[in-house]
Amino acid sequence: MPPVFAHGRLRLYLLKLLDEAPRHGYEVIRLLEERFQGLYAPSAGTVYPRLAKLESEGLVTHATEGGRKVYSITEAGRAELADRGGELADLELEIRDSVSELAAEIRADVSGAAGDLRRELRAAASASATQVEDEGWKAAKEELRKAKAEWKEQARRAKDESRRAREEAQQARRQAKEAQERAREEVQRIAGQLQEQFAKSGGVLGSLAGAWLGGSTTTPSAPADPSAPSAPSAPSAPSAPSSDSAAAPDPDWARDVPATGDPARDLDRLLDRFRDDIRDAARDQGVTAAQLSQTRTHLAAAASRIAANFGPRA
């Protein structure tokens, strides 16, 4: 029998079945057998350990009904299913091909058996050409007729399953494409709001923002408190080196973030890394009012450059 599920594919298909409706383990086994038109059925020793593994990972959960566990997919499971939409579409095509190959093997076996039977019948007919057809001859003809009918039925079922798998794969591809389009639109919306969000944020380290984008900005002076008493003038002290200039961009920044091939998802990961760097530095070094004012200016400039990079939204 040709392989049906490659490594990790049965796990993905179990999530698909549970996303359709909550099911108990025996029902999952029966559905898999139906999807393959009886040509393949996994054992309980294959399905139940995988359901337990999915539950331990938080992708499915179960409730006891009538003494049996009924498994349901969780939001985390649906998220993984959505992320692997393209892989699921490929899996549907693989299942279709597997059903076709299994049906082809059955057709070959039935055809070979029928050919052997015909040869045996011809030999029997030659030996008994002068004899009246007896019950044995009738039984052989009936067996041949049944074999042909069974082959035709299996071929028809394999064809129907192949058509249905192709339609489901096409639908899965459409859904995956729609999900990618929605994600891209969401990223563009977030990019358009970055300037406002950064201006309201309480984060520090504008120097990180400038270094990340490869530029520097002029920091406005912190507004004076009109209610504070005036301090006497102090003698001028030697000027300290300015801290307003942004550090040079790190050419290896975020190189450890793996690329997924999806620009929208890669942008989300870069924004997460940028936010984490700023928060970590603020936690480790502390925040002053002057640093907050300086950071707001840097972040506003960073947001404007990022938003301009995407162009105007439609």
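Find out how many positive minus negative residues lie around Pro258, taking Lys and Arg as positive, Asp and Glu as negative, among other residues whose Cβ is under 15 Å from that of Pro258. Walk me through the numbers before you get to the answer.
Values: positive: Arg255, Arg265, Arg269, Arg273; negative: Asp83, Asp252, Asp256, Asp262, Asp266, Asp268, Asp272.
So the surrounding residues net to -3.
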Completion exercise
Sorting Val70, Val287 on solvent-accessible surface, 1.4 Å probe, most exposed first, gives Val287, Val70
Exercise for the section: Run the 1.4 Å probe and let me know the accessible area of Asp276, rounded to the nearest 10 Å². Expected result: 70 Å²
Practice task
Whenever you get a sec, compute what percent of the accessible area on the stretch 26-82 sits on carbon and sulfur atoms (1.4 Å probe).
Solution key: 51 percent
Exercise for the section: Name the residues whose placed amide hydrogens come within less than 5 Å of the amide hydrogen of Val60, ignoring near sequence neighbours (fewer than 5 apart) on the same chain. Expected result: Glu55, Thr74
Practice task
Please work out how much accessible surface Val187 shows to a 1.4 Å probe, ignoring ligands, DNA and RNA, in Å² rounded to 10.
Solution key: 10 Å²
Completion exercise
Kirkwood Rh over alpha-carbon pairs of the stretch 2-85 plugged into Stokes-Einstein at 10 °C, 1.306 mPa s gives a D in µm²/s of 122 µm²/s
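Accessible area per residue, 1.4 Å probe, Å², for the stretch 14-77: what's the number? Each step should come with its number before you reach the end.
On the way: 3120 Å² over 64 residues.
Per-residue value: 49 Å².
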Handout entry: Spatially proximal lysines relative to Lys146 (Cα-Cα < 29 Å; intrachain offsets below 8 disregarded)
Key = Lys138, Lys159
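The values are calculated or read from the model by the stated rules, or taken from the named source; none is laboratory data. Fair warning: this is a prediction, and the values are worked out from it, not measured in the lab. Quick reminder, even Gly has a Cβ in these numbers, built from the backbone with ideal geometry, and neighbours come from all protein chains shown. Side chains included, ligands, DNA and RNA excluded: accessible areas come from the protein's heavy atoms. Shrake-Rupley method; radii C 1.70, N 1.55, O 1.52, S 1.80 Å.
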